[in-house]
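Enquirer: Below is one structure. I have some questions about it.
Values quoted throughout were computed directly from the atomic coordinates according to the rules given, and no laboratory measurement underlies them. Keep in mind that what you see is a predicted model, and the values were worked out from it rather than measured. Here the Cβ is made from the backbone with ideal geometry for all residues, glycine too, and neighbour counts use every protein chain on show.
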Amino acid sequence: MTKAMMMLAASAALVCGAGTAAAQSRGSQEDIAPGGFGNDVVAARRSTPAGEGPAVFGKCAVDADRAGATALLDAKIGSGESKNAAKKLADKKTSCGAMIGRDRSEEIVRGAIARQLYTETYAAAPAPLTSEPAPFQGSGDPSLVQYDLASCAVTRDPVAADALVRAAEGSAEERTAFPAVVAAVGRCTPNGAKIGFSKAQLRAGVAEGLWAYRKGMAAR
């Protein structure tokens, strides 16, 4: 397989409390392979060529137009405004768009920008949870289940989410962080239909979810 794929039980209209699903992990010399649930396993993914990838793109896009990059995240994911803005930013004819790599999807663009904004804004990880988190209310949009699950996982283990977002792709830190994040996704996963995540999708969703989470905490 050329994509790291995990199959997670998910509800189309996600409303998460404390779940009971367990996560397993297996190592891979090429890349992390945190297991999903049951017999599902995340396979290793091909590495991104040096000088390109979401992290490189995110820094370029934020440095070039921070206001525009922030405005993208303020737009609702999946909306025409968000899709059009993401497409424009990831246009391979532009200097930044040429850096993003093969996947130019809206979610990857948003996640790359969220990661850059997050790491620039917050120097330290959030505090660990000291009590049971409140039930997570998802969007109710079946097309955003992956996004909802990743956002929910952040609320279950913000420290693990922070570690994943700060880790370089393919690094030892990433391999350490992924199993904890997968476990957090498991705590958000009710019984229901299965949905696939690529590693890039999970990283992107967690980055955006963490950016929103920290902003929400700061506003309290």
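Enquirer: For GLU132, what charge total do you get from the other residues with a beta carbon under 14 Å from its beta carbon, if Lys and Arg give +1 and Asp and Glu give -1?
Expert: +1
Enquirer: While we're looking at this one, here's another question. Could you order peptides 142-155, 125-138, 170-183, 71-84 by the average number of other Cβ atoms within 10 Å of their residues, highest first?
Expert: For the peptides 142-155, 125-138, 170-183, 71-84, the packing ranking is 142-155, 170-183, 71-84, 125-138.
Enquirer: Where nothing but the Cβ of Lys and Arg (+1) and of Asp and Glu (-1) is charged, how large is the charge dipole of the stretch 47-175 around its Cα centre, in debye to the nearest 20?
Expert: 420 debye
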